[in-house]
Amino acid sequence: MRNREHEIYDVVGIGFGPSNLSLAIALEEYAASGPGNEMSAVFFERQSSFGWHRNMLLPSATMQISFLKDLVTFRNPTSSFSFIAFLHASGRLPRFVNNQDFFPTRQEFHQYLEWAQARVADRVVYGSEVTSIRQPSSTATSPDRLLLEVTDATGRAGRVIEARNVVISTGLVPSMPAGTERDERVWHSSEFLEKYRRTDPRELRRVAVAGAGQSAAEITRFLYDDLPHAQVFAAVPSYGYSVADDTPFANQIFDPGAVDDYYFGTEQTRGAFWRYHRNTNYSVVDGDVIRELYRRSYDEDVHGVSRLEFLNLTMVTGVKRVGTETRVSLQSGPDAEVRELNVDVLVCATGYDAMEPTGLLGDLDRFCLRDEAGRYRVERDYRIVTSPESRCGIYLQGGTEHTHGLTSSLLSNIAVRSGEIVDSIVARRTA
Ligand SMILES: Cc1cc2nc3c(=O)[nH]c(=O)nc-3n(C[C@H](O)[C@H](O)[C@H](O)COP(=O)(O)OP(=O)(O)OC[C@H]3O[C@@H](n4cnc5c(N)ncnc54)[C@H](O)[C@@H]3O)c2cc1C
């Protein structure tokens, strides 16, 4: 940690995934751009080391955005933190280019993120969870600072950090089907590889995957290939996987300019973004993965094998433990027939809810203004609109789908968004 603990930090970041990593770099580059630009900053991350969706780093899973949408390039194309700079440092740039592919594997992108975080690691405290943010008891004497409670990996509370601005970037929240709890045999996709590696593959003779999105399709493909002795069931709530639209016109909704169009648009135009373009990201699958799965299923027909079974129009409605078996209740098929399926493991690739900072904000929440629908009011610069009693900046990286649109939880816009947050903090500091 670069700064002494008793200091008041200009910026405290909560969570250190790609969004706040991108912010740490933007702060670093701003500091290097002129004398007096240094801001004190620290980031708290509850994982013991850097990790980006580690449990979904399946072999051959690829990125869903171009490598040029890295941590920096759209903000500063000359940055030394770009994916291209990483490839150069790794000695792989010519070979990467020979591949002629915009979409590296997630494993390679993870290497890039680790390489970038190592260069700003002195600003990051791993194994530390921020459990609450509050205003000092006497706001009259210190209306411009916030207090953050930080718990270390042992669960020992006690560290209190002072901040002028906090940037909350705690990520998506895994969502399970109603009536379904996680346990050793019922997993959410966000814990997939960790749980899978802890299980003896010989015990996995019947496995089921619930969901219609990218993670569901990837896990189905992985289990089918990795468990050649197993029966694999894919419970898909739609009639079949739908393709993610990544064609050029539709892709424009992820451009930095689309944030303005969304933010300053009417309710009606904002609705159109979701109505027409939800299929760019939500409950959809890359065409290549769909074709690979269909090819496997067709090959089974050719060879008279039936190890991969797609249960279309099928929802998981409950799970029971019967001896060592997991009994999954399903509502299935065109007439919504209720049936049960015994499996050794059920993987729920049933998605995520948006980032929700209310718990973290605790009492401070009463200073944060909300719209008629009860959602946070957020300025264009990602700062929550607060009442006059609170003069500190509370910025959100995530959880702003209602104000800033579809890129809120994605990587597409993190470089530009982080730059805008730094600009905002600087402007308000000098105002
Ligand atoms: C499997 C998968 C693949 C994806 N692939 C893509 C893709 O190709 N392209 C794309 O645009 N998007 C993708 N996404 C969307 C995803 O949201 C972004 O990739 C990215 O993770 C967003 O970064 P983030 O930093 O906002 O959140 P996260 O990466 O979720 O990071 C949040 C961090 O905050 C930490 N944290 C949470 N609470 C606390 C706390 N109280 N105190 C301290 N630390 C805390 C967490 O441990 C975590 O490390 C993918 C999502 C998944 C699940």
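The values are calculated or read from the model by the stated rules, or taken from the named source; none is laboratory data. Small disclaimer: the values here were computed from a predicted structure and weren't measured. Cβ sites come from the backbone with ideal geometry, for glycine too, and all protein chains shown count toward neighbours. Areas reflect the complete protein model, heavy atoms only, side chains present, ligands, DNA and RNA absent. Shrake-Rupley method; radii C 1.70, N 1.55, O 1.52, S 1.80 Å.
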Problem set entry | Within region 169-193, considering residues that are open to solvent by less than 60 Å² (accessible area, probe 1.4 Å) and assigned to a strand (DSSP E or B), the one nearest to the ligand (Cβ to nearest atom) | 174
For this session: From 163, 216, 235, grab the single residue that is within 14 Å of the ligand (Cβ to nearest atom) and farther than 30 Å from residue 40 by Cα.
Result: 216
For this session: Consider residue 196 carefully, then state whether it is closer than 18 Å to residue 294 by Cα and in a helix (DSSP H, G or I).
Result: no
Seminar exercise, completed: The condition of being within 27 Å of residue 248 (Cβ to Cβ) and acidic (Asp, Glu) holds, among 122, 101, only for 101
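Open to solvent by 80 Å² or more (accessible area, probe 1.4 Å) and modelled with pLDDT of 95 or more - does that describe any residue in region 2-12?
If we filter region 2-12 for residues that are open to solvent by 80 Å² or more (accessible area, probe 1.4 Å), which is where we start, we get 2, 4-6.
Checking the rest, the ones that are also modelled with pLDDT of 95 or more come to none.
No, there is no match, as no residue in region 2-12 is open to solvent by 80 Å² or more (accessible area, probe 1.4 Å) and modelled with pLDDT of 95 or more.
Can residue 255 be described as open to solvent by 10 Å² or more (accessible area, probe 1.4 Å), farther than 29 Å from residue 300 by Cβ and modelled with pLDDT of 95 or more?
So residue 255 passes the test.
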Exercise. So which residues in region 384-431 are away from the ligand (no atom under 16 Å from the Cβ) and among the charged types (D, E, K, R), if there are any at all?
Worked result: 389, 391, 423, 428, 429
For this session: Can you work out which of the residues in region 60-74 that are more than 10 Å from the ligand (Cβ to nearest atom) and at pLDDT 95 or above is surrounded by the fewest Cβ atoms within 10 Å (Cβ to Cβ)?
Result: 68
Problem set entry | Counted residues, region 331-383 - those being open to solvent by 50 Å² or more (accessible area, probe 1.4 Å), in a strand (DSSP E or B) and more than 13 Å from the ligand (Cβ to nearest atom) | 6
For this session: Mind listing whichever residues of region 384-400 are under 24 Å from residue 22 (Cα atoms), assigned to a strand (DSSP E or B) and either aromatic (Phe, Trp, Tyr) or in contact with a Leu (Cβ under 7 Å, 6 or more places away or on another chain) (or both)?
Result: 384, 395
Seminar exercise, completed: Turns out the helices (runs of 4 or more DSSP H) fully within region 1-101 with at least 3 residues that are aliphatic (A, V, I, L, M) and within 17 Å of residue 423 (Cα to Cα) are 18-32
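Does region 25-46 contain any residue that is crowded, with 21+ Cβ neighbours inside 10 Å, in the same structural domain as residue 392 (by TED's automatic domain parsing), near the ligand (Cβ under 8 Å from one of its atoms) and under 30 Å from residue 283 (Cβ atoms)?
Yes: one or more hits.
Considering only residues of region 123-138 that are of a type in the set (Gly, Ala, Ser) and more than 10 Å from the ligand (Cβ to nearest atom), which is most open to solvent (accessible area, probe 1.4 Å)?
Per the stated criteria, the residue is 137.
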Problem set entry | Restricting region 75-95 to residues that are open to solvent by less than 20 Å² (accessible area, probe 1.4 Å) and either in contact with a Cys (Cβ under 6 Å, 6 or more places away or on another chain) or hydrophobic (A, V, I, L, M, F, W, C) (or both), the residue that is farthest from residue 20 (Cα to Cα) | 87
Problem set entry | Qualifying residue in region 301-310 (condition: open to solvent by less than 60 Å² (accessible area, probe 1.4 Å), outside any strand (DSSP E or B) and either closer than 21 Å to residue 186 by Cβ or not assigned by TED's automatic domain parsing to the domain that holds residue 408 (or both)) | yes
